[in-house]
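Asks: Supplied in structure tokens, the structure appears directly below.
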Amino acid sequence: MARILFNKVNKRYANGFHAVKDLTLEIRDKEFMVLLGPSGCGKSTTLNMIAGLEELSDGELLFDDRIVNDAPPHERDVAMVFQSYALYPHKSVYENIAFGLRMRRMAKSEIDTRVRDAAERLEITHLLDSRPGNLSGGQRQRVALGRAMVREPSVFLMDEPLSNLDAALRISMRAEIKELHRSMQTTFVFVTHDQAEALTLADRIVVMRDGVVQQIGTPDEIYERPQNTFVASFLGSPPINYLDGRIEMTAGGGLFRRGDLSLRLPQHVAERLEGQGGRSVRLGIRAEDVDERREGGRDDVLSARVISVLPIGSDQYLGVRFDKQELFFRVGKDLRHKPGETVDLTVDLSRLHVFDPETTRSLIWGDSASQ
Amino acid sequence: MEAEIRISEKSRQDAVGFRRARLRALWVRRMVIFVSAVILSIYVLAPVAWLVSSSVQTEAEITSVPPHWIPEEPTLQNYEAIFLATEDEEITYENRSGVDPVSGGFIPSTAKNLLPAMGNSFIVACAVVVLNLLVGVPAAYAIAKIRFMARNASVYFILTTRVIPDIALVVPFFLVIKNLGLLDTLPSLIITYLAVTVPFTVFILVQYFEGLPDELDKAARVDGCSRLQALIHVYLPLSLPSLVAVVLFTFLTSWNEFLLALMFTQTEASQTLPILLAAFTSDFTISFSFINAAGVLAIVPPVIVAIVFERYIVSGLTAGAVKG
């Protein structure tokens, strides 16, 4: 049980690479925090700093009210699950799970109880005598989880633990990890570059890019109210579509205009942009925020030419060309369109995102959603 | 509905032809490998076989033409001379022909030094092996797994010391050993052999450790290990093949070393086996069969070491070379 606090933490590697920049972040006690970002964004470095495997260049790292900057990993009461599982190949599954407890000189009987409990829970009891080399990826992952579980750590760290599993297994392991968090009642920090994993698991998500935190919030906040185009693009499949254009203020409210296209801005957006008529903006439309079946009203229809139809089973992705730009939307699978046809897509205006094309920051959610 | 499969007579014949050609090629390949292996084995083993065979022959038989590969009158006189040699049996120029009246072969008075020299060689080799591991393993772990300034530079520096030929180092080594007052002692050999072998040990182990995933090290440390414990509990068991390679390499290098031993040893107190054996060959009156018997004894310990560790040798040497 621990609260983790980063206070203006920087990490510079010996080769000059500035991996984490001025990180200030509070991970609450018993929270499931997901660090999300593309590779090289500093999320794994951040995790390694929590584990004590990387030193801080400057700043402070606190566990509760204890400064742990220079505490070695074994003084921190953390457990970690790695992407490659990192099981000890020369030890049996039992010994792999027991190793951390043995290093802490726990009584043999207590070790045995804990190892068997964990094995039972993860349904790997029949594998206890095997070597990791003989296990499948999913089984190895369970052993790695077991090794961390038995320690009953105050912080549970996971570095892309599901990336090496096949798709079906990944979904079921997600559910298990969530259940593990519920039952263990401890702080989880989970690193991933998979937005779906982040959205399903997290209490809160930290989106990082180039060592800088882009946004911190609940999955809903991150998805519904992205503070900049990077966050907006990183979540959502297919990714959000952008259209550059201008704001036009009229008596009836605000309009987004680009060529023939005219979209009416919802009330809360128009209020935010009061008095900024004529400024150029970047409009964001999430792939699922259009509807082809609904009858278009006034100023909410996007007409475009279909260039590709990509069925994905439950839905289909519709690739359209609008004003020399390619846009992708997610539509119902009962729609039958052929490339070359023109389609009228009714945009869900209430879910529009508006960004400043210069700074890429959101013009709607800018301040209100920051921590 | 099953479709009828039609195969023409011609294609059937072709199929049989291809099969025959494939089997013939396979047979030729096997024969080439077999014959080559036999030739290579003879090339390698014949000198050793002659060494062993002639060591139990008399001087007369050893010089017979054609040579006797299998001795007609095997004798253990050379081995007796080595193992039963005593101080009082002084062999001089006058009485030496009495030693082996049949052949006139001469057993040198230094025969009694052979076993002590073997002992010296063994002590030096074992000490070099142990010290190599004590120094080389932590050094290699640090270089492979800990990021520190001038990490690459230190690897290159260690390797650079091996670019200099040993002969160039003899004089500086001699001065160091002399000033340390260690001339004609076993430590002089141990110290200088370490300088020769440690760079290789570190190099082989660094290659191997680098092939082992960093995450194992991290996992061990999160599991509660210090760096040293991670090395002992995780890395050492996994690097057994390369450790065996290091043990063999360092043992054989020190066992066979000649140049430095020649410089630093003067008496039987520190003389190693190669020095003594070389001295035999420069005396043309010494029986060939005796020299060969001494040679047999010289190869016994390395052969035993090699047989014990045989199953690890190949994987150890390649595992270091080909990085996963």
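Asks: For the full complex of protein chains and a 1.4 angstrom probe, list B:THR253, A:THR346 by accessible area with the highest value first.
Replies: Numbers: B:THR253 40, A:THR346 5 Å².
Descending order: B:THR253, A:THR346.
Asks: Any idea which of B:PHE174, B:ILE5, B:VAL155 is furthest toward the positive side of the dipole for the protein assembly as shown, if Lys and Arg beta-carbons carry +1 and Asp and Glu beta-carbons -1?
Replies: B:ILE5
Asks: Using a Förster distance of 22 angstrom, determine the FRET efficiency expected from the C-beta separation of A:SER92 and A:HIS126, and round it to 0.05. Show your work: numbers first, answer last.
Replies: Values: r = 13 Å, r/R0 = 0.57.
E between A:SER92 and A:HIS126, to the nearest 0.05, is 0.95.
Asks: If I fit a long axis through the Cα atoms of helix A:108-121 and take the longest principal axis of the Cα atoms of chain A, what angle between them do I get, 0 to 90°, rounded to 10?
Replies: 30
Asks: State in Å² the accessible area per residue of chain B; use a 1.4 Å probe, count heavy atoms of protein chains only, and round to the nearest integer. It would help to have the intermediate numbers written out before the result.
Replies: Details: 18520 Å² over 324 residues.
Per residue, chain B has an accessible area of 57 Å².
Asks: Note down the nm distance, to one decimal, between modelled labels 7 Å out along Cα→Cβ at B:SER109 and at A:SER163.
Replies: 7.6
Asks: Ok, one more. Can you compute the modelled spin-label distance between B:ILE39 and B:ARG24, with each label point 7 Å from Cα toward Cβ, in nm?
Replies: My value for the distance between the label points is 2.3 nm.
Asks: Answer with one residue from B:ALA49, B:PHE18, B:ALA269: the one whose Cα lies farthest towards the positive end of the charge dipole of chain B, charges on Cβ with Lys, Arg +1 and Asp, Glu -1.
Replies: Positive-end residue among those listed: B:PHE18.
Asks: I've got another one for you. Can you give the angle from 0 to 90° between the axis of helix A:167-184 and the longest principal axis of chain A, with both taken from C-alpha atoms, to the nearest 10?
Replies: 60
Asks: Report the calculated FRET efficiency for A:GLU224 and A:SER57 (r = Cβ-Cβ distance, R0 = 51 Å), to the nearest 0.05. Display every interim value, and only then the final one.
Replies: Working: r = 35 Å, r/R0 = 0.69.
The value I calculate is 0.90.
Asks: Pop a pseudo-label 7 angstrom from the Cα along the beta-carbon direction at both B:TYR156 and B:TRP50 and give the gap in nm to one decimal.
Replies: 4.7
Asks: Pop out the carbon and sulfur fraction of the accessible area of segment B:32-71 as a percent, whole number, probe 1.4 Å.
Replies: Working: 2260 of 2660 Å².
Of the solvent-accessible surface of segment B:32-71, carbon and sulfur hold 85 percent.
Asks: Which of the lysines could be linked to B:LYS218 by a straight reach, that is with a Cα gap under 22 Å, when you skip same-chain ones fewer than 8 residues away?
Replies: A:LYS11, A:LYS43, A:LYS91, B:LYS145, B:LYS323
Asks: What are the lysines whose alpha-carbon lies under 21 Å from the alpha-carbon of A:LYS338, with same-chain residues fewer than 8 places away excluded?
Replies: Leaving aside lysines fewer than 8 places away in the same chain, those within reach of A:LYS338 are A:LYS324.
Asks: What's the total accessible area buried between chains A and B, using a 1.4 Å probe, rounded to the nearest 100 Å²? Mind dumping the intermediate values first?
Replies: On the way: alone 17190 and 19410 Å², together 34890 Å².
Chain pair A/B: roughly 1700 Å² of buried accessible area.
Asks: So, with +1 on the Cβ of K and R and -1 on the Cβ of D and E, and no other charges, what is the size of the charge dipole of chain A about its Cα centre, to the nearest 20 debye? Provide the component values of the computation, followed by the final result.
Replies: Values: 50 positive and 55 negative charges, 137 e Å.
Here the size comes out at about 660 debye.
Asks: Would you list the membrane-span-like helices of chain B, meaning whole DSSP H runs whose alpha-carbon atoms span at least 15 Å along their axis and whose mean Kyte-Doolittle value is at least -1.0?
Replies: Working: long enough: B:9-55 (68 Å, 0.61); B:114-145 (45 Å, 1.75); B:166-179 (19 Å, 1.72); B:186-211 (36 Å, 1.52); B:240-256 (24 Å, 1.54); B:288-321 (42 Å, 1.62).
In chain B, the long hydrophobic H runs are B:9-55, B:114-145, B:166-179, B:186-211, B:240-256, B:288-321.
Asks: If you don't mind, another one. Could you pull the accessible area for B:TRP255 with a 1.4 Å probe, rounded to 10 Å²?
Replies: Spelled out: B:TRP255, probe radius 1.4 Å, area about 10 Å².
Asks: Further question: Please name the residues of segment B:184-222 whose accessible area, counted over protein heavy atoms with a 1.4 angstrom probe, falls by no less than 30 Å² between the chain alone and the full protein assembly.
Replies: B:GLU215, B:LEU216, B:LYS218, B:ALA219, B:ARG221, B:VAL222
Asks: Checking buried surface per residue: for segment A:44-74, which residues lose a minimum of 50 Å² accessible area in the protein assembly relative to the chain alone (1.4 Å probe)?
Replies: The answer is A:LEU53, A:HIS74.
Asks: Between B:SER226 and A:GLU110, what FRET efficiency comes out of the Förster formula 1/(1 + (r/R0)^6) with R0 = 22 Å and r the beta carbon distance, rounded to 0.05? Don't jump to the answer; show the numbers that get you there.
Replies: Values: r = 23 Å, r/R0 = 1.03.
Working from the Cβ atoms, E equals 0.45.
Asks: Can you give the helix-only mean residue ellipticity at 222 nm for the protein assembly as shown, where every DSSP H stretch with n ≥ 4 adds -39500 (n - 2.57) and the sum goes over all residues, rounded to the nearest 500 deg cm²/dmol?
Replies: When only DSSP H runs of four or more count, the value is -14500 deg cm²/dmol.
Asks: With a 1.4 Å probe and all protein chains left in place, how much accessible area per residue does chain A have, in Å²? Present the calculation step by step, with values, prior to reporting the outcome.
Replies: Numbers: 16370 Å² over 371 residues.
Counting only protein heavy atoms, the per-residue value for chain A is 44 Å².
Asks: On to the next question. In the full protein assembly as shown, how much of A:MET158 is accessible to a 1.4 Å probe, in Å² to the nearest 10?
Replies: 0
Asks: Peptide A:81-90: average number of partner chain Cβ atoms within 10 Å per residue?
Replies: Details: counts 2, 7, 1, 5, 4, 11, 3, 8, 6, 6.
The mean count of partner-chain Cβ atoms within 10 Å per residue comes to 5.
Asks: Arranged from highest to lowest average of other beta-carbon atoms within 10 Å per residue, in what order do the peptides B:235-245, B:145-155, B:55-65 appear? Numbers along the way, then the final one.
Replies: Details: B:235-245: 20.0, B:145-155: 11.5, B:55-65: 18.1.
The densest-packed peptide leads the list: B:235-245, B:55-65, B:145-155.
Asks: Let me ask something else about it. How many percent of the accessible area of chain A is carbon or sulfur, using a 1.4 Å probe? Provide the component values of the computation, followed by the final result.
Replies: Details: 7440 of 16370 Å².
So the carbon and sulfur contribution to the accessible surface is 45 percent.
Asks: Now for a different question. Which part of segment A:345-360 falls in the paramagnetic zone of A:ARG294, meaning amide N under 18 Å from the point 7 Å along Cα-to-beta-carbon?
Replies: Once the point is set 7 Å along Cα→Cβ of A:ARG294, A:345-354 turn out to lie under 18 Å by backbone N, inside segment A:345-360.
Asks: Still on this structure, please answer the following. Could you work out, residue by residue across B:236-243, how many beta carbons of other chains sit within 10 Å of that residue's beta carbon, and then give the average as an integer?
Replies: Numbers: counts 1, 4, 3, 0, 1, 0, 0, 0.
Neighbouring Cβ atoms belonging to other protein chains average 1 per residue here.
Asks: Sticking with this one: From the residues A:ILE50, A:VAL213, A:GLN141, which one has its Cα farthest along the dipole of the protein assembly as shown in the positive direction, the dipole being from +1 and -1 charges on Cβ of Lys/Arg and Asp/Glu about the Cα centre?
Replies: Value: A:VAL213.
The values are calculated or read from the model by the stated rules, or taken from the named source; none is laboratory data. Bear in mind the structure is a predicted one, so any value in this text is a computation, not a measurement. FYI the Cβ positions are ideal-geometry reconstructions off the backbone, even for glycines, and counts take in every protein chain you see. All accessible areas refer to the heavy atoms of the entire protein, side chains included, with ligands and DNA or RNA removed. Shrake-Rupley method; radii C 1.70, N 1.55, O 1.52, S 1.80 Å.
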